[in-house]
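For reference, the structure is listed below as structure tokens.
Throughout, read-outs are computed from the coordinates displayed, never taken from laboratory work. Predicted model only: the values in this text are computed from it and were never measured. So basically every Cβ, Gly included, is an ideal-geometry build from the backbone, and we count neighbours across all protein chains shown.
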Amino acid sequence: MSGLLGVRLLLLWGCACFWLSSLAQAALIISGNHGAQQETRGAARSLQKRSTNEAKVEVYSMTVDSTVTSRFAHTVMTSKALNKANSSQEIFFEVELPKTAFITNFSMVIEGQVYVGEVKEKEKAKKQYEKAVSSGQTAGLVKASGRTMEKFSVSVNIAAKSNVTFILTYEELLQRKFGKYEIQTRVKPKLPVQDFHIVTNIYEPQGIAFVDAHANFLSNELLPLVEKTVTDKKAHISFSPTIEQQRKCPGCDATQIDGDFIIKYDVNRAETLGDIQIVNGYFVHFFAPPDLPRVPKNVVFVIDRSGSMSGRKMEQTREALLSILKELHEEDYFALIQFDSEIDSWKESLTKATKENVDEAMVFVNRISARGVTNINDAVLRGVNMLLTDRQQKRLHERSVDMIILLTDGMPNSGVSAPHLIQENVRSAIGGKMSLFCLGFGDYVDYSFLDVMSKENKGLARRIYEASDATLQLQGFYEEVSSPLLSEVDLRYPDNAVDFLTTNHFAQLFNGSEIVVAGRLKDEQLDNFMVEVFGQGYNYMCPQDWNVMYPDDEYIFGDFTERLWAYLTIQQLLEKSKSGAPDEKANATAKALDMSLLYSFVTPLTSMVVTKPETEDGTDSPLIADKLTEGKEGVTHFYLTQALYPQPSYFVDGDPHFIIELPEKNDSLCFNINNRPGTIFNLVRDPKSGILVNGQVIGEKKISPNGEVKTYFWRFGIVHKTLGVRLEVSTKDISVFQDGKWVKLLTVTLKDSVKFVILLHKVWEKHPYHRDYLGFYTLDRHLLSNSVHGLLGQFYHGIEYEVTNLRPGAVPEKPDATMYVKGHELNVTRGWQRDFRRDVKNGENVPCWFIHYNGTGLIDGDATDYIVSGLFKTV
């Protein structure tokens, strides 16, 4: 078999008793007759056991070292591992970092050789990747990990008895919320580590007011190990448990170190206009004056009650609103608007938040129920008009702040439904006179639409995750924006003294937050500084001369003020690139790209490329790490560039579900094929390369009580005509026919062509209905010709389609939409299917547009056109 070229096939085994969880463990390459007389299932058990015993990779050191100077955090995560096995092993490095951070470096040290990352323009990085990688080798990637973190993961093949050191560096400006800064470090070592350290050093020239450190995994035994030393301007926090202290129980391998280590602190604030710090010709100005009086607010709550809000979401919304109403101050004014296709107001104008009025409003809130479709445009405009009218008629305090809080979970699909038209209407109506805050509830909201609309109107957007704590998320957001201290804040600096300022005008300053402005000094010898601060909601602030602070060189890291300035500038340019005139957006994007490259920040416009050591086949395989952003479809995932998944994925699994993953569209399509048990379908056929894949379905043991007949693939026939090879893969075994004889194998690798993975799903033998079945996944099809076709093969060329008119479906969680594809207009439904490649046992949900009626309109012709007469037949 070692001389064969053609198809790469990996078989992953999974069942209740034994299963292999990853390709690294489960993919065994066999180059000869491996136990042809053995019963395949037994072979799988013995191979799995032997593979597990040999996979001895020890992570012996893990260090997280953070240095914070004037709120700017520089974190280095270092992990050292040893391959103790007698053969090479794939070693994985996986860490989580805050979404607000920019990766600045990733390096590997292997056998004394250092491989350093280089930040490049994303498109150039992708081209480098595609040039070097032709068959989907492993790439480093960043993906979503919860609400506040991103996961960076990478793997590299390490020789026997060799070491590898991974070093990841990232930087971020800590944001002040609720009167404190937070440093979050997520640690998940999985096993006790010989040398484990978390070390944080904080230097704040203003002086440190307090420091707290805690972790959700700290037991009574571990708590004393958190060492904290705080002086006037410095703090040192460390946590270094021994390997025995990390164990859940004496002598066991389980570790209790699993979760978030969080440090919270604040600084001393003099009763001045803030603090300015200067290093190496750059300054940073922190502005959060203490003891400002609270400003009354006028708030209109605009609540989506469309059908998709039914159930738990509406219940949580009501709970949050009831709590928020109780928090209103009596000098505040408020209004309630609920909407679907119709708009209903509690009262026609804003009402003072007296106890009687709040109690009456709570009765109204308790009666809100979900129904209908979504008219965001008219609902928001109703709220705008209400505030404008009450202002005009002088019903509101002159020194008060106006705001609208919109909560929605879906796409606008009634009235004016084009997002850009709604944004134009709202921007024109508001005219800079109030703030709009948008809350996007759940997976199907168009988050980018809400994000742009809020930022165009002096507000911000926030995603509310569908979870048991959604009520607390809603309350937390309201608490964050409910206490404005100043509005229309201008921080002005002398033109002859500074240039290259970051944003110095801010719509609001909220209680517990902070304004940060940075810039470059024209004269590095400047020894005093004139600053003027103006703001509505408070009296005029007189200009002052400053005694600026020069942080002690001993405690700062490098050119931190310049890097802080660059970080802020890039963040603000990226925001400007989302809205405005096309030339303004293009200009902001170009400037952000130039600065990202100059300061080596991995932003949404750049990628970090690390060239891995040569692989066993002698080729270099680059890793690419990208900075990710909220998806345009609003689901809680992030864009991956095509370089991370160089090929889309095409697979069929389940009963049977066909899934076409399209990473360049950040989307997937899916359809089912239903037919009689025993039917054989053509999945892939390429007459030029001579590759053919057919699959046969099998029914369940008996018809289920609901009368539904389910079928699954249980057998595949794979042909490489040019080489005269046939593979038959069933739920029992794999057989290869070559040179006139059949050979039984567990896994076959035939190099230099397409790569297929077949998953075996094991079912309890005594289950009354279900049987074992197979899933078929195409991982690499780059050597197939343009003539390839079949139920899966036809999509290897790509597919163009458009989805519009999102609307409620038969099930609230699964909206319908209209799809235009191949000249057809189809009704499609948003749903989920399972991808079992990474988790053979449980699978991962893949959101997709489901095409009904056996894929009619999406596939070429009819499903019956793909039926063939035999497992190795073309007709």
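Remarks
- Estimated vicinal HN-Hα couplings, Hz - the range 862-875 in sequence order (Karplus 6.51, -1.76, 1.60; Gly, Pro = x): 10, 4, 5, 5, 9, 6, 10, 8, x, 5, 10, 9, 9, 9
- Taking amide H positions as modeled 1.01 Å from N, with prolines and chain starts lacking one, the residues under 5 Å from residue 149 and 5 or more places away or on another chain are 99.
- Paramagnetic reach from residue 262 (point 7 Å along Cα→Cβ, amide N under 20 Å) across the range 145-174: 145-151, 172-174
- Karplus-derived 3J(HN,Hα) values for the range 214-224, using 6.51 cos²θ - 1.76 cosθ + 1.60 with θ = phi - 60°, are 8, 8, 6, 10, 6, 8, 4, 6, 7, 4, x Hz; glycine and proline are entered as x.
- Straight-distance crosslink candidates among aspartates and glutamates, where the alpha carbon sits under 19 Å from residue 228 and sequence neighbours closer than 8 are dropped: 65, 182, 204, 212, 260, 266
- Ranked packing of 417-425, 148-156, most packed first, by mean Cβ within 10 Å: 148-156, 417-425
- Cut-off under 5 Å, modelled amide H: who pairs with residue 772 long-range: 763
- Its relative contact order, with pairs defined as Cα atoms under 8 Å and 6+ residues apart, puts the range 340-392 at 60 percent.
- The H on the amide N of residue 88, modeled in the peptide plane, is under 5 Å from the matching H of 160, each at least 5 residues off or on a different chain.
- Of the trypsin sites (Lys or Arg not before Pro) found in the range 820-875, those that fall in a DSSP loop while having at most 13 other beta-carbon atoms within 10 Å are 822, 838, 841, 873.
- Coil-residue chymotrypsin sites (Phe, Trp or Tyr not before Pro) of the range 432-527, DSSP, other Cβ within 10 Å capped at 16: 465, 500
- Rounded to the nearest whole Hz, the Karplus-based 3J(HN,Hα) values (6.51 cos²θ - 1.76 cosθ + 1.60, θ = phi - 60°) of the range 372-380 follow the sequence x, 10, 10, 10, 5, 3, 5, 5, 5, with x at glycine and proline.
- The loop-placed GluC sites (Glu not before Pro) in the range 177-236, going by DSSP, that have at most 10 neighbouring Cβ atoms within 10 Å of their Cβ come out as 221.
- Take every Cα pair under 8 Å whose residues are at least 6 apart in sequence, average their separation, divide by the length of the range 261-325, and the relative contact order is 20 percent.
- The range 746-875: antiparallel DSSP beta bridges as a percent of all, rounded to 5: 95
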